[in-house]
Amino acid sequence: MNKPLKFTFRFHLTYRLLALTIAVLVVLSCQQKDSTSSTFGMVIHGGAGTILKKNMTSELEEAYSTKLTEALSYGYNILNNGGSSLDAVETAIKILEDSPLFNAGKGAVFTHSGTNEFDASIMDGKTLMAGAVGAVKHVKNPIALARLVMEKTPHVMLTGEGAEAFAKEQGVELMPDDYFFTERRWKQLQRKIERGKKNTNPSKDKTTTIKGLEFESSSMGTVGAVALDKAGNLAAATSTGGLTNKRFGRVGDSPIIGAGTYANNRTCAVSGTGQGEYFMRSLVGYDISVLMEYRGMSLEKAANTVVMKKLVKLGGSGGVIAIDKDGNVAMPFNTEGMYRGYVDRDGKVIVKIYRE
Ligand code: ASP
């Protein structure tokens, strides 16, 4: 009489344990899904410099905000649909490169020789693979070429003629010189050359000092994007025409991995804008990442330390946008303003221009 009872009891116990285990596994897998799908985000910039409200018309303000919102929304949508951070940053940058408002692609500044030369780079935080192009002249979307360098060559950076030959091989869209001509940038170059002639003592040229007006008002507009996707992968990208009146052949920080662009899944993704020479000598992107990795600093503290202290001490002006592996965002700049935007945790697009 006892035997069947024992059997029933044991059977129930085993059955209950099995059910419990399955329930725990289901809850755990749901939690895992939640943690990979809820944390993602994106930040973009459109250059730092002396951006003062008193010098802006409401139309221009509106135009910048609209374009930044458009780029951010397209990028964010990719992330929201489960796409990769690399696709998100490339898409956002291409939109800004196609706009005459920014110093990248179509709206790039001029070199002293009256040419346009673009630098761009992209980095994958998961693999630490990176691609960059320097001093290319006819590539409509330098960021797309940088990505092809990363994905289709064993190299990190191609420059000048070699980069353009590679662009042709890859069927990348090339444009004639006049596509990149904008009246506004041409006038900026003329003004800068005139000012240079009047300035007999180059060491007194304040264009390289912090809050110096000249570099900032005539060159700003470099574009950058950083993103964290639902799979937990970070990516960073930057594209620029460089500095107005630069020597032809000059390459800035934007295509230098670790300086203007850096991404590492263990820490953060960073894109910078400002006086490239200072960003190169400070390895701004990499410095922020290693302060997090080796010193255990938060993203905000690391980014502030580099942009507001180290760069300032060296005399360099500019800013960065950054996002960490947990979706925290930082956008410090030591200039008057920085075109910037991000999507908050509720999915709302926030675009800002001035210091607050
Ligand atoms: N960092 C860029 C360069 O030096 C310029 C900028 O961000 O405005 O080429």
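Out of 93, 122, report the one residue that is assigned to a strand (DSSP E or B), buried (at least 24 other Cβ atoms within 10 Å of the Cβ) and touching a residue at least 60 places away in the same chain (Cβ under 8 Å).
122
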Any hit, region 219-235, residues being within 15 Å of the ligand (Cβ to nearest atom), buried (at least 24 other Cβ atoms within 10 Å of the Cβ), modelled with pLDDT under 95 and not in a loop (DSSP other than H, G, I, E, B): yes
Close pairs from region 236-249: first within 12 Å of the ligand (Cβ to nearest atom), partner polar (S, T, N, Q) and in a loop (DSSP other than H, G, I, E, B), Cβ under 7 Å, at least 6 apart: 238/222; 238/254; 239/254; 240/103; 240/222; 240/254; 241/103; 241/116
Residue in region 265-281 that is nearest to residue 88 (Cα to Cα), counting only those that are surrounded by fewer than 24 Cβ atoms within 10 Å (Cβ to Cβ) and not acidic (Asp, Glu): 265
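Could you please let me know if residue 150 is under 23 Å from residue 280 (Cα atoms), surrounded by fewer than 24 Cβ atoms within 10 Å (Cβ to Cβ) and free of Cβ contacts under 8 Å to residues at least 24 places away in the same chain?
no
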Evaluation of residue 309 against (1) over 21 Å from residue 85 (Cα atoms); (2) surrounded by 19 or more Cβ atoms within 10 Å (Cβ to Cβ) (one fails), failing number: (2)
Filter result for the condition that a residue is in contact (Cβ under 8 Å) with a residue 60 or more places away in the chain and more than 18 Å from residue 289 (Cβ to Cβ), over 171, 160: 160
Neighbours by Cβ (under 8 Å, 6+ apart or cross-chain): first from region 253-276, under 15 Å from residue 49 (Cβ atoms) and of a type in the set (A, V, I, L, M, F, W, C); second outside any strand (DSSP E or B) and away from the ligand (no atom under 14 Å from the Cβ): none
Out of 73, 58, 65, sole residue that is loosely packed, with under 10 Cβ neighbours inside 10 Å, small (Gly, Ala, Ser) and modelled with pLDDT of 50 or more: 58
Positions within region 39-85 being part of a helix (DSSP H, G or I) and of a type in the set (Gly, Ala, Ser), in sequence order: 58, 63, 65, 71, 73, 75, 85
Options 343, 329, 320; residue that is crowded, with 22+ Cβ neighbours inside 10 Å, within 28 Å of residue 61 (Cβ to Cβ) and at pLDDT below 95: 343
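The values are calculated or read from the model by the stated rules, or taken from the named source; none is laboratory data. Given the structure is predicted, the values throughout are model-derived calculations rather than measurements. Backbone-built Cβ (ideal geometry, glycine too); neighbour counts: all protein chains shown.
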